[in-house]
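Quick note: the coordinates plus some simple rules give every number you see, no bench work behind them. Predicted model only: the values in this text are computed from it and were never measured. Here Cβ is always computed from backbone atoms with ideal geometry, including for glycine, and neighbour counts include all displayed protein chains.
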Amino acid sequence: MNDVTETQKERMPITYQAPSVKEGLSALPFKMALPDILPFNAQPFQPPTIQDMSRDGKQLMAEFKTASKSNAGKSIILMITAINRDADSDRSNSEEVKLSRDVIAFYTNKTLSFHLDGISYTVTYMNDDIPKEQHKNEIIDMAKQMIDQ
């Protein structure tokens, strides 16, 4: 990053790679759960990337990813992002969905976002091999698992 000024470097988040999913979850200053049952044959979640957005440990964003085990056809990707602040999002093209525990989510195409206990979550599920309604039901089910744990 030689083309970045010192001022820009000071504003960039500090990025950490956790050694394991378990250690990544325990390193966060908030509790979060990943879905246990995925609607596709998935590899284990990869150790998360954690970004210190405020550079002082107070505002962290964690990103957990997994993909389908099969190499045949298009790969299925699931990415879950959590950040301990209100994430600004454009909800104009999204559909409001009620999850468990009175949590309201916003569904758009391949993404479901919701807010729970001061944490903003985004679940991105890329699976072009299933109908839209099935996709919506599966992403909602995964979000409910995260809330109900």
Work from the charge dipole of the chain (Cβ charges, +1 for Lys and Arg, -1 for Asp and Glu, about the Cα centre) and give the residue of 97, 112, 47 farthest towards its positive end.
47
Using the Kirkwood radius over Cα pairs of the chain, the Stokes-Einstein translational diffusion coefficient at 25 °C and 0.890 mPa s, in µm²/s and rounded to a whole number, is 149 µm²/s
Once you sort the root eigenvalues of the Cα gyration tensor of the stretch 88-149 as a ≥ b ≥ c, which label holds: rounded (a/c under 1.5), prolate (a/b larger than b/c) or oblate (the other case)?
oblate
Could you pull the Rg and Dmax for the stretch 1-40, using just the Cα atoms, both in Å?
16.2, 45
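Quick one: putting +1 on the C-beta of Lys and Arg, -1 on the C-beta of Asp and Glu, what dipole do you get for the chain around its Cα centre, in Debye to the nearest 20? Before the final figure, lay out each step's value.
Values: 17 positive and 21 negative charges, 45 e Å.
Value, rounded to 20: 220 debye.
Based on the Cβ-Cβ distance of residue 132 and residue 43, what FRET efficiency does E = 1/(1 + (r/R0)^6) give at R0 = 25 Å, to the nearest 0.05?
Values: r = 25 Å, r/R0 = 1.00.
Efficiency computed from Cβ-Cβ geometry: 0.50.
Residue 139: net charge of surrounding residues, Cβ under 12 Å, Lys/Arg +1, Asp/Glu -1, itself excluded? Don't jump to the answer; show the numbers that get you there.
Working: positive: 110, 132, 136, 144; negative: 95, 133, 138, 141.
Surrounding charge for residue 139 is 0.
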